[in-house]
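A quick write-up on the structure given underneath.
Please treat every number below as a calculation from the coordinates, not as lab data. Note that the coordinates shown come from a computational prediction; the quantities given were computed from them, not determined experimentally. Cβ coordinates were reconstructed from backbone atoms using ideal geometry, including for glycine residues, and neighbour counts include every protein chain displayed.
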Amino acid sequence: MQTVYILNGPNLNLLGTREPATYGTDTLASIEALCRATAAELNIDVEFRQTNHEGEMIDWIQEARHHAQALVINPAAWTHTSVAIRDAVTAIALPLYEVHITNVHKREPFRHHSYLSDVAQGVICGYGLRGYRYALIEAARQHG
């Protein structure tokens, strides 16, 4: 069975209470439940994780190369700052789907640049938690 790693970056553990006008009221647990339900529909497995520590994220990305067929990542603030995460995803050579809850292009200018978008199969932003579902559907379709 295909496995997709779904990795979430810093502060996403605060969803539901963090700036609800920007991020909505869905929690990380809501996103995980949606991802698990979508995975069941698609007959795939998911490994769902969140961290506030960049080194741990890199370790998980490297781990994914041995256990996953694709990677869905919401790198959060690391999107705009982390060459190390970019190097990790390019080193493992797994199909990458970048997800953002908000439309980063309608936000502050520093959020318009991503270190990952140009190495991703696709970028999904602005659709709230549904973006994760869309990424999983595409990962299963392309790499299942």
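Remarks
- For SER114, the amide hydrogen comes within under 5 Å of no other amide hydrogen, counting only partners 5 or more places away or on other chains and with H modelled in the peptide plane.
- Over the chain, volume per residue of the alpha carbon convex hull, in Å³: 90 Å³
- For the peptides 84-94, 5-15, the ranking by packing is 5-15, 84-94, with the highest mean count of neighbouring Cβ atoms within 10 Å listed first.
- For the chain, the Cβ-based charge dipole about the Cα centre amounts to some 360 debye (Lys, Arg positive; Asp, Glu negative; other atoms uncharged).
- Mean separation of Cα pairs under 8 Å and 6 or more residues apart, divided by the residue count, gives the chain a relative contact order of 29 percent.
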